Amino acid sequence: MIRSSVVTDQADQQLIYEAYSNFVQGLFELMDSVTESAPVLIVLDKQAEFRIPAAVREVACVVDALLYQLMAIFPTNASYSSQTANQKAQVDTHFRQAVHAFHLATANTGSPYSNTTAL
């Protein structure tokens, strides 16, 4: 991991934190939409049951790396440091919920988790 420079100016920290928070809010909304749409997406395309959770996991890995880099910008004793860590944990939860939504959408059907041999 490449260590980012630490921002010490309060005004710059505020701007970076606001941008971070806006990005995180967008991720919340995106993953909530994916979660809510899971049953419909599976009905439209049986492959969505596997492809979309895999894609969500890939995006989660990229977002993880980005958020860790952004969190490193704040000094460890700054309040923004703990706030960004808390938001990152919430992002992780939203990604997990989106993946689980696809499993739950098929768990109560006649063929839970689809018939993988027919794919």
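Odds and ends about this structure:
- Mean separation of Cα contacts under 8 Å (6+ apart) over length of the chain, as relative contact order %: 41
- Other residues with beta-carbon under 14 Å from the beta-carbon of Y80 carry, at +1 per Lys or Arg and -1 per Asp or Glu, a net charge of -2.
- Largest GNM mean-square fluctuation across N22, N86, N77, computed for the chain with C-alpha springs under 10 Å, falls on N77.
- Restriction of the trypsin sites (Lys or Arg not before Pro) in the range 1-110 to DSSP coil positions whose beta-carbon has at most 13 other beta-carbons within 10 angstrom yields R3.
- Annotation: amide H-H contacts under 5 Å for A78 (H modelled 1.01 Å from N, sequence separation of 5 or more, or interchain): none.
- Only alpha carbons enter this Debye calculation for the range 10-108, each as an equal point scatterer, and the log10 of I(q)/I(0) it gives at q = 0.14, 0.15, 0.23, 0.24 Å⁻¹ is -0.57, -0.63, -1.10, -1.17.
- Projected label points at C61 and D45, each 7 Å from Cα along the beta carbon direction, are separated by 2.1 nanometres.
All of the numbers you see were taken from the coordinates with simple rules; none came from a lab. Quantities reported herein were computed from a predicted structural model and do not represent experimental measurements. In this analysis, Cβ positions are derived from the backbone assuming ideal geometry, glycine residues included, and neighbour counts consider all displayed protein chains.
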